[in-house]
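Take a look at the structure below.
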Amino acid sequence: MRVSKWSEKLFGTPLFEPLVSFSYLFPLLYIVVFLIIPVLAMLAIAFSHEGHFSLYWFKSILTSSYYVQFPPQGDFAIKTVTATGETVYLIRGIDFGVVINSLVVAALVTLLASLMGTIFAFIMARYEFKGKNFFRIALFIPLLVTPFVNAYVIKKMFLDTGLINYIFYELLHILPFRIKIDGLAGVVLAQAMTYYPIVYLNAYASFINIDPTLEEQAENLGSRGFHLFRTVTFPLALPGIAAGATLVFIFSLEDLAAPIVFQGDPLAKKLMSYQIFSKFLYGLGERSPEIAALSIIMLTLAVLAFLGIRKYVSLRQYAMLSKGGRWKPRVSKPKPWQAAIIYVVLLPLLLLTIFPQIGVVLLAFSKQWSVTVMPQGFTTEYVKQMLFNPDVRRYIINSLMYSGAAVVLIVLLSVTSSYATSRFKGILTPVLESLVIIPIAVPGIVVAMGYFYFFSQVFPNTPLDPTNIFSFNPAFVLILAYSIRRLPFSARSVYAGLQQVHVSLEEASMNLGASRWKTVTGILLPLISLNVFGGAMLSFVYSMSETSVGITLGSLNMQYAPITAFMKDIMMSAAGSAQLAAALGVLLITVQILSIVLVNIITKQRYAFIGLT
């Protein structure tokens, strides 16, 4: 009787069943051991000084002018005159110190991404116009992740000899002078162009799910135009917009690719993600307490942003927005002035934001790209290197193996956790729900630091010890990190599938004598197999392109490094090749496109990448 009561309180079922217990305890213990405990290990380092509990490292950071600079230093734009007499303005940003710089950059990226994403979403959800299908496809292109190479192309675009100056200064004569964007401004630009589709997807889902009768009632009461949008439409769509904006804030805060690419300007290095990465990779043990404290500060900011959005909408409910409403959305033809905005303003903006992916493809097949507007020459040398050079192919195989192994764990974690939280309501249910989603709020660089401290303390002087760089094999650690980082994508897809399967089907099976195991494997899993497949594909794609963990822990032993660590090395080293990195980027784009097509065809989902948010 005591066991029955204990089981009902803990798991939500009066009978102690091994499958139910496993569905709760496996994902719960997995996340605690491989996420919570590593973060706690990092906390122990951050709050320790000379063997005692101390706030020394936090005080050192927050009182240092290098990390918190008031008043800010430097000029936002610097004017120079070339030998030919042309004026060039270098826009690079202002230095507030590492911590404040990171907040300012993340806030500006979030603002720009939210503005662009919301505008595009509203246009796509409410207007029918020629070329809409092109817009629909093009808006997904920035989501095709090519670490480092995207930012490299954007940097090229905004050089004084780049594409933007060629169009707006030389051809159209709109700009009165040349501009060059670098430093913090370049990071903001690169991140905003990359992340705005995240807000677009969420905002679009929100707009099409608004009950049209609510807007019609407002119109009957005299509300029109922008007033209607400001007072009715926008507030109703705000939960989805805010969810996307919060993810953009977190992604911007943790991003390493843009700061690394723009590091030629020292100001781009003064971001928390870059400071943690560079001091970890080149300093290791002697700077570890400061790195740990800085990681905790970043984690705190990310979690606060995540908790803020929970006030508006839970991520579980939010993930279901992609299914559409029960009504027909309000769609109309744009007025002439609205059509003019779409074709004259939004279309050029859209083309601008998809050029980085186009530039990646052009760069992969070019001989060089120095000071010219576009890449020069044509060659297949770098694609051949990628396919036939065993030294290059090794990194591709590494990533495929790590991502594939991680997906197996992710599927098992997703199915068990989603089954437990959707079918049983015990004490552990809300705890497990939160733990499955919380990896979204944990920056990848923080996970990498936590694993560094955790594995070096638990497995010292073994191949799992990251401090033993000569024998360290990052394979196992990377697989664990990928499985934690990409778990939410698959978990929400599986949970959505379970919500569509009525529990009465399982009850009928068990009433007819089938065991719970046979019911789950014979009835439930076949019914949600498409959701499992879709979530697994998304998790695989994002594991392949995982940057933060790959270039930190993976770089400690390049023999076992993933593809992103190799891309970083050849992009940044003096003897490296941006073209080879671009060829690898094309490979990642191809994998992502194939995944989207497969998910769309097999699962019949219209927007495969809605799972990103």
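See the values below:
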item: FRET efficiency for residue 50 and residue 111, using Cβ-Cβ distance with R0 set to 41 Å, rounded to 0.05; result: 0.45
item: Excluding exposed DSSP-loop chymotrypsin sites (Phe, Trp or Tyr not before Pro) (at most 10 other C-beta within 10 Å), longest clean stretch of the chain; result: 1-377
item: Two-decimal Rg/Rh across the stretch 532-589, once Rg and the Kirkwood Rh are taken from alpha-carbon atoms; result: 1.04
item: Contour minus Cα-Cα distance for residue 502 and residue 81 (0.36 nm per residue); result: 144.5 nm
item: About the Cα centre, charge dipole magnitude for the chain (Lys/Arg +1, Asp/Glu -1 at Cβ), debye; result: 1320
item: More than 25 Å apart - percent of Cα-Cα pairs taken over the stretch 20-124; result: 60
item: Relative contact order [Cα under 8 Å, 6+ residues apart], the chain, whole percent; result: 20
item: Under 5 Å, built H, 5+ apart or other chain: amide partners of residue 178; result: 87, 89
item: Rounded, prolate or oblate (a/c below 1.5 giving rounded, otherwise prolate when a/b exceeds b/c) for the stretch 479-522 by Cα gyration tensor; result: oblate
item: Volume in Å³ per residue [convex hull over Cα atoms, computed for the stretch 59-369]; result: 181
item: Rg ratio (alpha-carbon, reference 2.2 N^0.38 Å) - the stretch 220-276; result: 1.86
item: Three-way shape call for the chain based on the alpha-carbon gyration tensor, with the a/c threshold at 1.5; result: oblate
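None of the figures in this text is laboratory data; all of them are computed from the coordinates on show. Bear in mind that the values here come from a model prediction, so they are computed numbers and not experimental data. Cβ atoms come from the backbone with ideal geometry, glycine included; neighbour counts cover every protein chain shown.
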